[in-house]
Amino acid sequence: YATVRDRDGHLVTDLTQDAFQVFDSGRRTAITIFSSAPQPLSVAIMLDMSGSMTGTFDSLRRSVLAFVNALRPEDRARIGTFGTEIAIGANLTNDRAELVRVLKEEIWAGGGSPGWQAISESMASLSAEPGRRVVLTLTDGDYPETGLAGWVGNRKTIEAQAARQDAALYAIGFEGYQLTHEIIAATENTGGGHFEVPSDSDLTATFTKVAEELRHQYLIGFSPSS
């Protein structure tokens, strides 16, 4: 999947196959699959609920609701949290009422930030789903390599799993917190993206922008030479 922007940062959505070239081990190879049609999304929205997030619930709910409202009927999402525990919504759904209920009733703050483990578990929850599989995390901190219940992993672990399960990672730095190099690298190396949100910015606009980007990606395929 490829996202194309012009020099002003605006999405470019009307390119044809002739605008792209694919190189395999340095050699140009034929494009065998190309589509600019919107791909159905299967999205796990993972919210960092570590102790430092206390007091941000209202802003958090409004922002995630904006993303949910930007989804199309054929898209599906589930909402999860990580902190004292990792909880991933059981239902992957396009029912906005159900997603709003989860936002109101099933998120609470506390604990650390077992982010890598949460990403791993959320990718696994989408592995059998059709369409574009995406994990979107909203966080304000770094991720330790040791998670809950003795889980051990890091960026390389996550990137390898994303490659196996054909998932892309997106991350949003919450209200002025800068994403770490490791988190940014994971998003870029899995074909996803990242956004830094100033503390005086509107998170709603950022979540809407993420949904727009996911909707306007080009699907490109090729046959490896070996």
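When every alpha-carbon pair in the range 1-104 is counted, what percent end up more than 16 Å apart? When every Cα pair of the range 1-104 is considered, 69 percent fall beyond 16 Å.
Full extension of the chain segment joining L11 with E85 gains 22.9 nm, where the gain is 0.36 nm per residue of separation less the Cα-Cα distance. Amide H contacts of D24 (H built 1.01 Å from N, in plane; Pro and chain starts excluded): T29 sit under 5 Å, all sequence-distant by 5 or more or on other chains. Phi-derived couplings, Karplus 6.51 cos²θ - 1.76 cosθ + 1.60 at θ = phi - 60°, listed residue by residue for the range 26-38: x, 10, 5, 10, 6, 7, 9, 9, 8, 8, 10, 6, x Hz, with x used for Gly and Pro. Backbone phi angles across the range 213-218, fed through the Karplus curve with coefficients 6.51, -1.76 and 1.60 (θ = phi - 60°), yield HN-Hα couplings of 5, 4, 6, 10, 9, 8 Hz in residue order; Gly and Pro are listed as x.
Semi-axes of the range 86-178's equivalent ellipsoid from the Cα gyration tensor, sqrt of 5 times each eigenvalue, largest first, rounded to whole Å? Could you put the intermediate results ahead of the total?
Working: eigenvalues 87, 71, 34 Å².
Output for the range 86-178: semi-axes of 21, 19, 13 Å.
The amide H of G80, built 1.01 Å from its N in the peptide plane, has I45, M46, L47, G89 as neighbours under 5 Å, considering only residues 5 or more places off or on other chains. For the range 68-78, backbone phi angles converted through the Karplus equation (6.51, -1.76, 1.60; θ = phi - 60°) give residue-by-residue couplings of 4, 5, 7, 6, 8, x, 7, 7, 9, 9, 9 Hz, Gly and Pro being listed as x. When a 1.4 Å probe is rolled over the protein heavy atoms, the share of accessible surface on the range 87-193 that falls to carbon and sulfur comes to 48 percent. At a probe radius of 1.4 angstrom, the accessible area of the chain per residue rounds to 48 square angstrom.
Under 5 Å from the amide H of R133 lie the amide H atoms of S42, A168, each residue being 5 or more positions distant or on a separate chain, with H modelled from the backbone and absent for Pro and chain starts. In this calculation the C-beta distance from F23 to R101 is compared with R0 = 41 Å, giving a FRET efficiency of 0.30.
The values are calculated or read from the model by the stated rules, or taken from the named source; none is laboratory data. Every value quoted in this text rests on a predicted model; they were computed, and no experiment measured them. Methodologically, a virtual Cβ is constructed for each residue, glycine included, from the backbone with ideal geometry; neighbour enumeration extends over all protein chains shown. The area values use the complete protein model at the heavy-atom level, side chains included, leaving out ligands, DNA and RNA. Shrake-Rupley method; radii C 1.70, N 1.55, O 1.52, S 1.80 Å.
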